[in-house]
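The next block holds one structure in the form of structure tokens; read it before the comments.
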Amino acid sequence: QVQLVESGGGLVQPGGSLRLSCAASRISFSSYTMAWYRQAPGKQRELVASIASGGITNYADSVKGRFTISRDNAKNTVYLQMNSLKPEDTAVYYCNAWLIRTHYWGQGTQVTVSS
């Protein structure tokens, strides 16, 4: 079965950086749009960033200029580099793979930004 395994979350101080990774298995990774979503307590899950199979990227306004999404098709992995982190970035971050009407989700990784 398809697996998306996130890693790289943790506790970081405001202004710090983290890099999330999502390793995919059992899918034709290069064909999928890959994305990162996040969900904070009491809030709806929201799209953070996406990267299409051709490399076109899209970002939520709240993270533009601070976060960078990238992919390595040879490693079946998508990354989210997060810089200048703010307390409001605290959430569970989920990896998503999307192709036509098929969505796969990872289990999520916690990111906490706090002093």
>> The conditions are (1) in contact with a strand residue (DSSP E or B) (Cβ under 8 Å, 6 or more places away or on another chain); (2) among the hydroxyl-bearing types (Ser, Thr, Tyr); (3) surrounded by fewer than 18 Cβ atoms within 10 Å (Cβ to Cβ), and residue 115 fails exactly one of them. Which is it?
In response: (1)
> Within the stretch 48-57, which residues are farther than 15 Å from residue 38 by Cα and out of contact with any helix residue (DSSP H, G or I) (no Cβ under 8 Å at 6 or more places or on another chain)?
Replying inline: 51, 52, 54, 55, 56, 57
>> Condition first: among the hydroxyl-bearing types (Ser, Thr, Tyr) and at pLDDT 95 or above. Now tell me which residues in the stretch 19-29 satisfy that.
In response: 21
> What tally of residues in the stretch 88-98 results from selecting those that are outside any strand (DSSP E or B) and open to solvent by less than 40 Å² (accessible area, probe 1.4 Å)?
Replying inline: 2
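A quick yes/no check of all residues on (1) of a type in the set (Val, Ile, Thr); (2) under 22 Å from residue 13 (Cα atoms); (3) touching a strand residue (DSSP E or B) at 6+ places or on another chain (Cβ under 6 Å); (4) without any contact (Cβ under 8 Å) to a residue 24 or more places away in the chain:
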residue	(1), (2), (3), (4)
30	no, no, no, no
38	no, yes, yes, no
45	no, no, yes, no
56	yes, no, no, yes
66	no, yes, no, yes
80	no, yes, yes, no
85	no, yes, yes, no
89	no, yes, yes, no
96	no, no, yes, no
>> Please go through the stretch 18-60 and give me each residue that is of a type in the set (Gly, Ala, Ser), under 14 Å from residue 90 (Cα atoms) and surrounded by 12 or more Cβ atoms within 10 Å (Cβ to Cβ), ordered by number.
In response: 40
>> Given the condition over 12 Å from residue 77 (Cα atoms) and modelled with pLDDT under 95, answer yes or no: does some residue in the stretch 33-41 qualify?
In response: yes
> Which residues, taken from the stretch 58-74, are in contact with a helix residue (DSSP H, G or I) (Cβ under 9 Å, 6 or more places away or on another chain) and charged (D, E, K, R)?
Replying inline: 66, 71
>> Condition first: modelled with pLDDT under 95 and either touching a Phe, Trp or Tyr at 6+ places or on another chain (Cβ under 7 Å) or assigned to a loop (DSSP other than H, G, I, E, B) (or both). Now tell me which residues in the stretch 99-114 satisfy that.
In response: 99, 100, 101
>> Based on this model, can you work out whether residue 5 counts as assigned to a strand (DSSP E or B), of a type in the set (A, V, I, L, M, F, W, C) and open to solvent by 50 Å² or more (accessible area, probe 1.4 Å)?
In response: yes
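The values are calculated or read from the model by the stated rules, or taken from the named source; none is laboratory data. In this text the structure is predicted, and so the values were computed from the model without any measurement. Every residue, glycine among them, receives a Cβ derived from its backbone with ideal geometry; neighbour counts consider all protein chains shown. Heavy atoms of the whole protein, side chains included, go into the accessibility calculation; ligands, DNA and RNA do not. Shrake-Rupley method; radii C 1.70, N 1.55, O 1.52, S 1.80 Å.
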